[in-house]
Amino acid sequence: MKHRDHARGLHLLEHFVKRCKDIGVDCWAWIVTGDPKNAICIEARRIQPDLLVMGSRAFGHICLMPSAPWYASSAEQNKLP
């Protein structure tokens, strides 16, 4: 990850974590590198969050991605990291 992209990502995370905490929502955020589908599954399994919110530059609204439930169930069945 380029230094500039990393710095911008950290700035955005800090901004939105602060906004959540300002309204009383307990929130943590961090940057993980690697293949997104594996990194997300690994972190979700490690943290076991009540809620996982992700963003994408391709969509303006939160929506259900048809491939996400498939990947999660496939990862569990195949014991992916």
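If you go through region 1-42 one residue at a time, how many are part of a helix (DSSP H, G or I) and either surrounded by fewer than 14 Cβ atoms within 10 Å (Cβ to Cβ) or of a type outside the set (D, E, K, R) (or both)? Adding up the residues that qualify gives 26.
Taking region 1-31 as the range and being under 25 Å from Q48 (Cα atoms), in contact (Cβ under 8 Å) with a residue 12 or more places away in the chain and in contact with a helix residue (DSSP H, G or I) (Cβ under 9 Å, 6 or more places away or on another chain) as the test, the residues that pass are A29, W30, I31. Does at least one position in region 72-80 carry a residue that is over 13 Å from the mean Cα position of the chain (by Cα), exposed (fewer than 13 other Cβ atoms within 10 Å of the Cβ), at pLDDT below 80 and on the phi > 0 side of the Ramachandran plot? Scanning region 72-80 turns up at least one residue that is over 13 Å from the mean Cα position of the chain (by Cα), exposed (fewer than 13 other Cβ atoms within 10 Å of the Cβ), at pLDDT below 80 and on the phi > 0 side of the Ramachandran plot.
The values are calculated or read from the model by the stated rules, or taken from the named source; none is laboratory data. Note that the structure is predicted; figures quoted are calculated from it, not measured. Note: ideal-geometry Cβ built from the backbone for every residue, glycine included; neighbour counts use all protein chains shown.
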